[in-house]
Structure formats: C-alpha cells, structure tokens
1. Can you compute the FRET efficiency between A:PHE148 and A:GLU317 using 1/(1 + (r/R0)^6), with r the Cβ-Cβ distance and R0 = 22 Å? Round to the nearest 0.05.
2. What residues does region A:22-55 have that are buried by at least 20 Å² of accessible area in the full protein assembly compared to the chain on its own, 1.4 angstrom probe?
3. Which one of A:ARG283, A:ARG168, A:ARG11 has the biggest mean-square fluctuation once chain A is modelled by GNM with Cα springs under 10 Å?
4. Which far-off residues, 5 or more places away or on another chain, put their amide H under 5 Å from the one on A:CYS156, with H placed in the peptide plane?
5. What part of the accessible area of region B:2-77, given as a whole %, is carbon or sulfur when the probe is 1.4 angstrom?
6. Can you list the residues in region B:40-55 whose accessible area drops by at least 40 Å² when all protein chains are present, compared with the chain alone? Use a 1.4 Å probe, heavy atoms only.
7. When all protein chains stay in place, what accessible area (Å², nearest 10, 1.4 Å probe) is found for A:HIS52?
8. Quick query: amide H of A:GLY270 versus all other amide H atoms, modeled in the peptide plane; which residues come in under 5 Å with a sequence gap of 5 or more or a different chain?
Amino acid sequence: MLRLPAFRYHRPRTIDEAVSLLARFDDGDAMPVAGGTDLMPNMKHRLFTPGHVVSLNGIAAMRGIVAVNGTGPGSRNGGAHGGEGPRLRIGALQSLADVSGHPLVRRHCAGLAEAAGLVAGPQLRNMGTIGGNVCLDTRCTYYNQTEFWRDALGYCLKKDGTVCHVTRVGRKCVAAHSADTPPNLIALGATLTLAGPGGTREIPAADFFVTDGIRNTRRAKDEILTEIAVPVAEGRRSAYRKLRQRHSIDFPLLSVAVTGDFAEDGTVTGLTGVVSALGARPRVLAGWDAIAVGGRLGTDVIEALGERARAQCRPLENIIVDPEWRRAMVPVYVKRALRALA
Amino acid sequence: MEIVRLRVNGDERVCGVPAHYTLLETLRYGLGLTGSKQGCDKGDCGACTVIVDGRAILSCITPVWEAEGRQVRTVEGLADGTETHPVQDEFDLNGAAQCGFCTPGILCSSVALLDRNRSPSREEIRTALAGNLCRCTGYEKIYDAVEAAAARLGG
C-alpha cells in the first residue's frame, strides 16, 4: 500500500485562476496536475510532496483539437512563418487516447498519433494528457523508487542526495527523458504555449528541453502548458518507433521520431530525426539534411542515416537494460522509422 | 475529513475522506466496495481498474475529487441485479480466473471495451487488456472469455 502524502486539492475553472493559485504558494509547494499518471505515483514515492495540488481538469479552454487555416507554407522551422501557417491546435488537456485516435492527428501527424497510442497501457492513455506527457518528469532506475528503497541506497543527485549512482562521479543528473510525444513534436516543428503570471509565451518544442535531468524543461514552476500547435503541410510524413521490453506499459528504452517533407516526385526536401530515452533531453540527429535532401529516401540513404545515428548516441545505465544493446538498437529503430516514411 | 459525493454503480454515495484520498481508497475504505483491488498501488498493474464515464481508468492514482460529478462503475456494478454480466459468466465458463486478484480490473477493462465495440478482434481485445497484469492464466483463456461474451452480446 502506497499512501499519498497529505495535500489540499484545488479545482480552478480558468487558466488565470490556475496560474494565480500556483504563484500564490511558496516555490514548489503547489503543483499542477491533469491526468495524474506521472505526478501521483511520484508523490506516492515521495519524490514530490506539495502542500497544494492544482487540478487543471476543469479548464475548458485547454481542450479541443482543431485545424487552423493559416497563410504560408506550414514550415517546420518555427518562427513567424511557422506560427502563421496551417496548423493543428491541440489543447494540452486532450487525453493521449484522444490524440492517438483523432482523425486530424492521424492524417497530418501520423508519428504523433502513433506515439500517443504507444504510451503506457490503455487506462493510462485514457487518463494521461498530451500536456502532461510533454511535461513528464525524467526517469531513472535510482529515482523512480519508494522512499524506503531510496533511503536504503542513500538517495541520489536528483532527489535528496549528493551522489549519482549511474555515473558514480558525475555532478550532473542523467535521468532519462522518457516521454513518447515530445520527440515527434520536435521533429514536426511544434510550438508550445505556456501561461504564467506574466501572461502567455510561445516556445518551440525543440527549445523546451534542457540537459539537466533534475528539471529538464524550461517551464517555470508557476507556468502551465496550455496548448500545442503543430504546423501541417502537404507532402509531410512522420513516423515513430519505440523500443521497450514489453509491448505495453513500459517506458521507452529508446525512441525514434522522424519527419520528412517530400516533393511530388518523392524527392526529399527536408528530413528530421529525433531520438530520446537516452539522456535528459530528446536529441535532434545532426547532418541528416546533407545526406538525404535532394534525393529519394532509398535503401542506401536509410542505411547511411542509421549509421550516422549510431555514431551520435551513447545510452547510459540510467535504465536497467544493457546500454550496449540499446545502442545497437539505435540504427535498427532509426531505419525502421525511416522505412515507414519511404 | 472532507465530504465527497460520488455516483457509484448508479447510487448516489456520500462519504467523508481525507483530502488526499484516491478514488480506490474511497471505494474500499469509505464505501466498503472492496472488489477493486489494491495491487501495485502506483499505476502499473491494473488491478484497481474501474470505469469512469465509460472509460477504463486506474483508481489507485486518481484523486477522489476527479470522480465527483462523473459515473463510476466498479466490478460490483457489472451484474444486473442477480443476473451476472455476460463477461462475468464467460470468465466462469472459460476458466479465465485463477487466483482472481486481477479479475475485477480485467472485467472492468473488458466491459469498457465491449460497451464501445461489440465485435472486437482478438488483437483489439489484447490491446484493450494490455494494461492489466495477470500472473496466473497466461491470458489466453481471458481473451477466449471476452470473445465468447462479445458473441453472446450479439457482436
């Protein structure tokens, strides 16, 4: 039996109300919750013990999936042009089950739909939201354990301790970014909207994550992720592949998201690959455009991209699965994802 | 203690609970509905699965306040009076329960599936039950039972 620590539960109806509740209490003593599938188990493990929990579930403005007809090309490079082009607006409170089954998401962002449909198991996808998945806490063998377990080991760098049991000597937390949807949102060029006490701001998904495993996002503690905008375009295809021990429930040991833009004759005009579950933030694989743009996505190109990815990825023992095997799977999963585009 | 009002298996229930109680703790320790099981108690095993507004969810990590104003259905509410639900009946006939600890959660996941899909494929059944762990049966007889129930329900 794992009891939750005591807290007060707040149920605001508007974003403003929620933000002011979060800002009202001391730093970290109030935390937002939506589906609760990440925060509640973490609270049961005493990884967080906020005195106040602010439920976002009553905020109608954070729901809905709609297509917006913008002007311009629907660029994945963000900035003013990407923001004005045709896009899908996804309310942060949409459940992962909703996102994975939504016809607009399946049509325009197949990789995102696949990823949302591969998170955990069906009950957790009914509960968990896409906003919560983007804000998911990093995970590590030495962190996601009960208070009793962590106490017995002497705690770790990420929570209550001074030693990293993964790197032994490192001063930097290497807990793994373990969410399925962000690699796709990055590859698709999505933009996140955050609401805070000073108003709202937009940040590209690619800039949202930092390399600190203790706190790996740029979301301030009194900010709420309210909406995700994904640019859409003709000729864009995306796919997602996830390595895990069981085909259900488990977090990824390795995740690969790819998005390609194709001309009518099949020529690649842009290609992005993002890998995650290796370190504290998803990693955009470098040098892909030089290999792929201007030609077709044939077997030799896919082979070269897979090898390129292997050279860039070095899994750690932050998940109790042989890192050498996880590394060997990098080119395999990258190639599988790319074949789904070709 | 705070007062929580729930609609469970069609009944209006009022109960005093600490503010940090989960839906599962409220069902088991507030309302005496001990059918939903406390297994891992952290969202991994599916033994606590109940149906809220038609969807299977994990009650062990649901703050009780999130169930207010919604329809909660537990394993105790699957039967129609003394008439067992076809899924319960087929679990019995197919030998789909052994130790029985996972059974209430699996019954709820199965009923939530059949309520929105009367003729699920074997693969759809496997996917719908992928969040429920069973260490006894090896799952095959469970899938058989859900298929048989679907056939009886006119799928």
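1. Result of the calculation: an efficiency of 0.50.
2. A:MET40, A:PRO41, A:LYS44, A:HIS45
3. Sorting by GNM fluctuation, first place goes to A:ARG168.
4. The answer is A:GLY161.
5. Heavy-atom surface of region B:2-77 belonging to carbon and sulfur, 1.4 Å probe: 44 percent.
6. SASA drop of 40 Å² or more in region B:40-55: B:ASP41, B:LYS42, B:ARG55.
7. Here the accessible area works out near 30 Å².
8. Close amide H contacts, sequence-distant or interchain: A:ASP261.
The values are calculated or read from the model by the stated rules, or taken from the named source; none is laboratory data. Given the structure is predicted, the values throughout are model-derived calculations rather than measurements. Ideal geometry is used to build each Cβ from the backbone, glycine not excepted, and the neighbour counts take in all protein chains shown. These area figures cover heavy atoms from the full protein model, side chains too; ligands, DNA and RNA do not enter into them. Shrake-Rupley method; radii C 1.70, N 1.55, O 1.52, S 1.80 Å.
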